[in-house]
1. Keeping to the stretch 26-46, report how many residues are in a helix (DSSP H, G or I), touching a residue at least 60 places away in the same chain (Cβ under 8 Å) and closer than 21 Å to A135 by Cα.
2. Would you pick out the residues in the stretch 102-127 that are charged (D, E, K, R) and closer than 17 Å to P56 by Cβ?
3. Can you say whether Y29 is more than 24 Å from F117 (Cβ to Cβ) and exposed (fewer than 13 other Cβ atoms within 10 Å of the Cβ), as far as the supplied structure shows?
4. Residues to consider are G97, G126, G114; find the one that is part of a helix (DSSP H, G or I), within 29 Å of L23 (Cβ to Cβ) and in contact (Cβ under 8 Å) with a residue 60 or more places away in the chain.
5. Can you name the number of the only condition in (1) surrounded by 11 or more Cβ atoms within 10 Å (Cβ to Cβ); (2) in contact with a helix residue (DSSP H, G or I) (Cβ under 8 Å, 6 or more places away or on another chain) that Y36 fails?
6. Check G93, G114 and return the single one that is under 23 Å from I38 (Cα atoms) and either among the aromatic types (F, W, Y) or at pLDDT below 90 (or both).
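The values are calculated or read from the model by the stated rules, or taken from the named source; none is laboratory data. Everything quoted here is computed from the prediction, not taken from an experiment. Methodologically, a virtual Cβ is constructed for each residue, glycine included, from the backbone with ideal geometry; neighbour enumeration extends over all protein chains shown.
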Amino acid sequence: MDTTTATGTFFQNGWGIYLVSFLILVVLYFVQKYAYLIDRKLNQLAMKGSTWQGKPWPLFLGILLGMFTLLYNVFSPDDMRINPANWRWPEWGLVMGFLILLIVLAVESFSHFGRQFALIRILILGILSVSFYFAGLYAGLLIVLLLAFLILIYFFRFWYKRLVIK
């Protein structure tokens, strides 16, 4: 009996990808929840006596840009484009969103931490924002999966009594 065709990795299974995506989102939730500790530690290292702690807005903006990218790629495939021009405003909007994120993050960091520690903060939050961007792609997929399950549950609950065979 040949069982080589029945073998597969965990990630070839669709449920494995959804499970790992959900676990990544849970981990990133706790990362954004405790992101203020970065500012607290940088305040201690800078020894300025400041107690300023920033909000994790770059992380939220990263996940929103990821969801925007998912929606753009889902609802506008290349075969169905109405405007065949090479200039695509959503892609430029995505690039501008990340540039605005980095510029505002740099201004905020330099004004509160100085040159040395601002670069550390920009690097850490920039990398986290990119990871939240990719998590936003997975979050969009999980939201679509959740909506599909809710529609399926609604269908079965609504039609359960109407489809009973007597």
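1. Summing the residues that are in a helix (DSSP H, G or I), touching a residue at least 60 places away in the same chain (Cβ under 8 Å) and closer than 21 Å to A135 by Cα in the stretch 26-46 gives 4.
2. If the condition is that a residue be charged (D, E, K, R) and closer than 17 Å to P56 by Cβ, then E108, R121 are the ones that fit.
3. Values: more than 24 Å from F117 (Cβ to Cβ): yes; exposed (fewer than 13 other Cβ atoms within 10 Å of the Cβ): yes.
Taking the combined requirement at face value, the residue satisfies it.
4. Working: G97 fails: in contact (Cβ under 8 Å) with a residue 60 or more places away in the chain; G114 fails: within 29 Å of L23 (Cβ to Cβ).
The match here is G126.
5. All conditions pass for Y36, except number (2).
6. Working: G93 fails: under 23 Å from I38 (Cα atoms).
G114 is the lone residue from the list that is under 23 Å from I38 (Cα atoms) and either among the aromatic types (F, W, Y) or at pLDDT below 90 (or both).
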